[in-house]
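In what follows, a structure is listed as structure tokens, so that the remarks can point back to it.
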Amino acid sequence: MENKIDKVLTSLIEKIYELNNKICNSTLKYKIIKDNEYLKNVRIFEDMISTLASLDNIVNDDIKYYSYKTKINTNDLFELTYDFYKKQDKKIFEIFEILFKNRHDNIFFTKNKFDKYFCGATYQLLDNNIYIAMTKYNDIRDVTILIHEYGHAISIYLNGLDKNKNDSYEPFSEIESIFFELLSFDYLDSIHLNNKDSFNSRKKFLIDLFCNATIIDNKFLIYENNNTFQDNINNSYYQDIKNKFNINKNDLRFIYSSPVEIDLMYVVSSLYAMELYDIYLKNPEKAMELYKKIITLNYPTYEEYINELSNLYLFPNETDTFIRTLKKDVK
């Protein structure tokens, strides 16, 4: 008998990725218009994005094609994820245990049939249950993905199952999961799994971060210098961009292949998560208390979010330990 989660999540994910694919496969003109509409409302993030993009001197080699050596079956995955959260803050672990008890009904594994870039997602459905869908690679990546997704699940539970977040929460919505993802790399080191696997997981994380920051930075540049109406996005518009920025139409297709709000969400959240990670290295208890405050924040504007994070002494910058050590090692 087919598990009820299979039916519910399969239907939901298919609808989400059908819509996403329509956006990704739409015309370049439409993508530029859509991203420009979003960019004009998120100018407050421009400086932190451009600062990060300017630091990019990492060569993106064939890391994405690296074959991970450490193989992980489902039992290993659950045991390692449980052990990771058991080592965290008591309150966080208590919530995790509640969610983990339903793992066989509430976790859905897929083989990437929806979208080749899909790794995982966490949903709260109408029945108020929290579900996790994730790609299963059967290697070390599965551990970091599930730990990441449980970060979202814990946040949903801690916030109250019926609490709605303001739209301004979106760029910060991955802090709750990326922070634990960063800690998962250290955890995998501590249990002495394949060092090469662990290093390449960190490296891929950092390469993706710089790549996304550079793409957003280019979109800001194009938006500010060529902010135009729909009717004016034509061949002369593309030629103007090529003349000004040496970006041809094929480059534009790559730059606009992903919606800017998705890239911005991961970059902004990563910057704050790395700040929290720095604090954790010196004082785990303090970092966890800050974490619990951060994931309950709910403000109507981006400015209020940034101000409150600043009040918690979180200031995104290029001195983060994670960036410094990884850049040194991968040059």
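The values are calculated or read from the model by the stated rules, or taken from the named source; none is laboratory data. Everything numeric here is computed off the predicted structure, so don't read it as measured data. Note that each Cβ is placed from the backbone with ideal geometry, even for glycine, and that neighbours are counted across all protein chains shown. For accessibility, only protein heavy atoms count, side chains too; no ligands or nucleic acids. Shrake-Rupley method; radii C 1.70, N 1.55, O 1.52, S 1.80 Å.
Some observations on this one:
- Test: residue in region 202-212 that is among the acidic types (Asp, Glu), modelled with pLDDT of 85 or more, in a helix (DSSP H, G or I) and open to solvent by 10 Å² or more (accessible area, probe 1.4 Å): yes
- Scanning region 229-263 for residues that are touching an Asp or Glu at 6+ places or on another chain (Cβ under 9 Å) and not in a helix (DSSP H, G or I) returns TYR256, PRO259.
- Taken across region 88-100, residues that are touching a strand residue (DSSP E or B) at 6+ places or on another chain (Cβ under 6 Å), surrounded by 13 or more Cβ atoms within 10 Å (Cβ to Cβ) and modelled with pLDDT of 90 or more do not occur at all.
- Options SER198, SER173, SER270: the member that is open to solvent by less than 50 Å² (accessible area, probe 1.4 Å) and over 17 Å from the mean Cα position of the chain (by Cα): SER198
- Set ASP6, ASP56: member being closer than 28 Å to PHE180 by Cα, modelled with pLDDT under 85 and outside any helix (DSSP H, G or I): ASP56
- Matching residues, region 29-53, being among the β-branched types (Val, Ile, Thr), buried (at least 19 other Cβ atoms within 10 Å of the Cβ) and assigned to a helix (DSSP H, G or I): ILE32, ILE49
- In region 187-215, the residues that are of a type in the set (Lys, Arg) form Cβ pairs under 6 Å with partners that are part of a helix (DSSP H, G or I), at six or more places apart or across chains, as follows: ARG202/PHE185; ARG202/LEU326; LYS203/ILE63; LYS203/VAL330; LYS204/ILE63.
- When ILE216 is tested against (1) more than 13 Å from the chain's Cα centre (by Cα); (2) open to solvent by 10 Å² or more (accessible area, probe 1.4 Å); (3) at negative phi, just one condition goes unmet, and that condition is (2).
- Counting the residues of region 84-94 that are assigned to a helix (DSSP H, G or I) and touching a residue at least 60 places away in the same chain (Cβ under 8 Å) gives 4.
- Residue check for LYS292: touching a residue at least 12 places away in the same chain (Cβ under 8 Å) and either of a type outside the set (A, V, I, L, M, F, W, C) or open to solvent by 20 Å² or more (accessible area, probe 1.4 Å) (or both): yes
- When residues of region 124-176 are limited to those that are among the small types (Gly, Ala, Ser) and in a helix (DSSP H, G or I), the one nearest to LYS292 (Cα to Cα): SER155
- Positions within region 94-108 being aliphatic (A, V, I, L, M) and out of contact with any helix residue (DSSP H, G or I) (no Cβ under 6 Å at 6 or more places or on another chain), in sequence order: ILE98, ILE107
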